[in-house]
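One structure is given below, encoded as C-alpha cells.
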Amino acid sequence: MKKQQKRKYKCGVVSILGLPNAGKSTFINNIIKKKISIISSKVQTTRDVIKGILTNEEDQIIFIDTPGLTLNKSYLNRKISKSIYNSSVQSNINLIMFDSNTEITKNKKNLFSKLIDKKKKNFLVINKVDLVKKHKLLNISKELNSIHNFDETFYISALKKIGFKDLLVHLKRNIPEGLWLYSKKETTDQKLEFTISEITREKIFQLMNQEIPYSVKIKTKIIEKINIVKIFQTIFVNKKSQKPILLGRNGNKIKEIGMRARRDIEKKLCKKIYLDILISVDDKHHKNYENH
Ligand SMILES: Nc1nc2c(ncn2[C@@H]2O[C@H](COP(=O)(O)OP(=O)(O)OP(=O)(O)O)[C@@H](O)[C@H]2O)c(=O)[nH]1
Ligand SMILES: [Mg+2]
C-alpha cells in the first residue's frame, strides 16, 4: 500500500470509436496481445462494447472497443449508437479510427463528426497504413483534421502492429493519475460464457454470407467435469428459413463452424472441450433481444 502511494500510478479509459470495419477490434486485440474482441471482414462485427485492459509498471489503460457507427436507424443500431455514446462519456481519451484504405465521402464525414466529443481529448488514428501510399495518408489526415482539429494524429497498422509505441506513449502521458481499477493480471471483464458465444459468432461471420451473421444470437452454458469441459450452445435464428442455410448441405456448414469454434475455445481454455451446438428458431427470443 505504501509503495502504491509513493509511486505515481495512472489509470485511464480510452474508447476506440470509428465507422464499421475500421479495424477497432483488431487494434484492441493486438495492443492487449490477447484475443478479446472478434474480427471479420464484414461490417458491424462487434455488437457490444468490449473492454481490454493493458497494465504496465505504473499505468493501466482500459481500452473500450465499440461497434462501428452507421446511419441505419434500426432498433439494434439505435441501441448500438447509445452504447457508443456511453462509452465515449466514460472515457478520458477517444481514439477515432479511420480506415485509410477507403475514400472519404460526405456521408462518412457526417458520421465521423458525430464521434467527436469536444469535451474530451480526441486522437485521430489512421489505420491500415500497410495498404496505402504515404501521400494519401497525409491527405486523409488533412481532410479529417479540417472537420475537427485533433489533439494528435497517429498512423498505424492494427494488423501489422505498426505505430503502437508512439500512440502508447501519448496515451500514457494523457491519462490521469489514479489507482488501478483492475488487478494487474486481468485483461478483460467479460464473462467466459460471453467470450465463448463470441467465438462461435465470429465463425458464423467468417463462414456465412448476407443476413445470417446479423440475425444470430448465441447462448452458452458451460459444465465443468473432471477431465473435460462440456459446452452447450444454442444459436438462435429469427426466421425458419435461416435454419437450413446455417446447417448447410448434410450439416456441413454448422460442422465447420463448430470445428473452428472448438479449436479456438480449446486454445482459450487450454483444455479439451466437448462442444454441442443446437440451432433454434426463436423469434420471441429475438424480439426480446432487440428490445433490451
Ligand atoms: N491490411 C490491414 N487490414 C486490417 C488492419 N486492421 C484491420 N484490418 C482488417 O479489417 C477488417 C475489419 O477489422 P475489424 O477489427 O473487425 O474492424 P472493426 O472496426 O472492429 O469492425 P466493426 O466491429 O464491424 O465495427 C478485418 O478483415 C481485419 O483483418 C490493418 O491495419 N491492415
Ligand atoms: Mg469490431
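Every number in this text was worked out from the coordinates using simple rules, so none of it is lab data. Keep in mind that this is a model prediction, so the values were computed, not measured. Every residue, glycine among them, receives a Cβ derived from its backbone with ideal geometry; neighbour counts consider all protein chains shown.
Among MET208, MET97, sorting on how many other beta-carbon atoms sit within 10 Å of each Cβ, with the fewest leading, yields MET208, MET97.
Between segment 154-178 and segment 84-116, the C-alpha centres lie 17 angstrom from each other.
A convex hull fitted around the alpha carbon atoms of segment 192-291 yields 92 Å³ per residue. What the Cα atoms of the chain give is an Rg and a Dmax of 20.3, 65 Å. Ordered by the count of other Cβ atoms within 10 Å of each Cβ, fewest first, ASP117, ASP166 give ASP166, ASP117. Close amide-amide hydrogen proximity is noted between THR188 and ILE53, each under 5 Å apart and 5 or more residues distant or on a separate chain (H modeled in the peptide plane; Pro and chain starts excluded).
Legend: distances between Cα atoms for LYS34/LYS230; LYS82/LYS160; LYS10/LYS161; LYS51/LYS136; LYS136/LYS267; LYS42/LYS243; pairs beyond 29 Å are LYS82/LYS160; LYS51/LYS136; LYS136/LYS267. Using the average count of surrounding beta-carbon atoms within 10 Å as a protection proxy, the listed peptides 213-225, 149-161 rank, highest first, as 149-161, 213-225. Please label the shape of segment 99-171 as rounded, prolate or oblate, based on the square roots a ≥ b ≥ c of the eigenvalues of the alpha-carbon gyration tensor (a/c under 1.5 means rounded; beyond that, a/b larger than b/c means prolate, else oblate). Verdict is oblate for segment 99-171. Taking a Cβ cut-off of under 14 Å around SER91, the surrounding Lys, Arg, Asp and Glu residues balance to a net charge of +3, with basic ones at +1 and acidic ones at -1. Protection proxy ranking for 17-23, 140-146, 85-91, using the average of other Cβ atoms within 10 Å per residue and placing the highest first: 17-23, 85-91, 140-146.
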